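The values are calculated or read from the model by the stated rules, or taken from the named source; none is laboratory data. For clarity, every value in this text was computed on a predicted model and none was experimentally measured. Here the Cβ positions follow ideal geometry from the backbone for every residue, glycine too, while neighbour counts run over all protein chains shown.
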């Protein structure tokens, strides 16, 4: 009889234990489902960020040794840090302000917001057609980070970007990027036209004592041509092309040398028709400026007046013969550029202008 009473009690305990186990499993399953639902909701609203795929910034930009920029059309620019400064495509000095802007962007960039899931597909399709790839190297042959820089947001307060990290992969989601205290877009900071990175420097003699001689030739006017001889032991001397000493006012001659401290061209001429370019370069220049430093090779700059194309209204009806603001110049033997006349006119004054 006692044995019969114990058997139902044991069965009841087993059933209770089984029910408890089922209840625990049910609670765990519900908790797992709740956690999964929370994670999916967070992801769909774009409120969580994966640090491995959104840390675009380069904390120490002094470590950046190379920047390679390429667009979807095949255009590309390679910027490399050297002991003499940044170089463009291994040939030309870079515009330091533009390089500084890029480096500042690397340091200060931040995620403004993720792109909503509903807009990700369209954003990525647009970026696949119109985007720029910016590879950031900090030494070695592999970039530390790669930015895929896309188009601007509709309000032009942000730029769509995707981050790729070699060894970690590429983010599957784009982000809207910006910088603190900056309103605007970032894609314009990474052009693929080498001309936009190339230094416009023509003459750069911060210390005028580094100049040994400046020769200015007025084509067809030998009497207006001259040489400024900078001996370094005293004030400069003014001489004719034949070497005859000319009377001069020292202050006026020194003023003519001031533009050589820093003289830049304005733009590179790329759109002139080939026939017109050939015609221009085959014509005698109006001026030829030759600079001979104490160290290094001489530099030549040939100058041509531009024809005036205005209506003369700004000059009370007296139409100028030449464009009063700009001239054409040939520098580095083959590069046709535009230069500002306010500096060129100071460089190319006739010898008579220096008389005391």
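Can you tell me how many residues within region 141-155 are outside any strand (DSSP E or B) and under 21 Å from residue 128 (Cβ atoms)? Qualifying residue count for the region: 3.
Any idea how many residues of region 166-197 are part of a strand (DSSP E or B) and buried (at least 16 other Cβ atoms within 10 Å of the Cβ)? Step through it out loud before you land on a result.
Restricting attention to region 166-197, the residues satisfying the condition of being part of a strand (DSSP E or B) are 169-170, 175-178.
Narrowing the set further to residues that are buried (at least 16 other Cβ atoms within 10 Å of the Cβ) leaves 175-178.
Of the residues in region 166-197, 4 are part of a strand (DSSP E or B) and buried (at least 16 other Cβ atoms within 10 Å of the Cβ).
Looking across region 273-292, the residues that are within 16 Å of residue 327 (Cα to Cα) and either surrounded by 13 or more Cβ atoms within 10 Å (Cβ to Cβ) or not assigned by TED's automatic domain parsing to the domain that holds residue 304 (or both) come down to 277, 280, 281, 285, 286, 287, 288, 289.
In the set (1) in a helix (DSSP H, G or I); (2) under 27 Å from residue 65 (Cα atoms); (3) touching a strand residue (DSSP E or B) at 6+ places or on another chain (Cβ under 6 Å), the condition left unmet by residue 135 is number (1). Being in a loop (DSSP other than H, G, I, E, B) and in contact with a strand residue (DSSP E or B) (Cβ under 8 Å, 6 or more places away or on another chain) holds for only one residue in 280, 241, and it is 241.
Scanning region 205-231 for residues being in contact with a strand residue (DSSP E or B) (Cβ under 8 Å, 6 or more places away or on another chain) and touching a residue at least 12 places away in the same chain (Cβ under 8 Å) gives a total of 18. With respect to being under 19 Å from residue 189 (Cβ atoms) and in the same structural domain as residue 170 (by TED's automatic domain parsing), residue 97 fits the description.
Here residue 289 meets each of (1) under 19 Å from residue 210 (Cα atoms); (2) out of contact with any helix residue (DSSP H, G or I) (no Cβ under 8 Å at 6 or more places or on another chain); (3) modelled with pLDDT of 95 or more with one exception, condition (2). Looking at 338, 348, which one is surrounded by 13 or more Cβ atoms within 10 Å (Cβ to Cβ), under 21 Å from residue 212 (Cβ atoms) and in contact (Cβ under 8 Å) with a residue 24 or more places away in the chain? Step by step, each of 338, 348 is checked, and only 348 is surrounded by 13 or more Cβ atoms within 10 Å (Cβ to Cβ), under 21 Å from residue 212 (Cβ atoms) and in contact (Cβ under 8 Å) with a residue 24 or more places away in the chain. Answer yes or no: is there a residue in region 218-235 that is touching a helix residue (DSSP H, G or I) at 6+ places or on another chain (Cβ under 9 Å), modelled with pLDDT under 95, loosely packed, with under 13 Cβ neighbours inside 10 Å and farther than 17 Å from residue 355 by Cβ. Yes: region 218-235 contains one or more residues that are touching a helix residue (DSSP H, G or I) at 6+ places or on another chain (Cβ under 9 Å), modelled with pLDDT under 95, loosely packed, with under 13 Cβ neighbours inside 10 Å and farther than 17 Å from residue 355 by Cβ.
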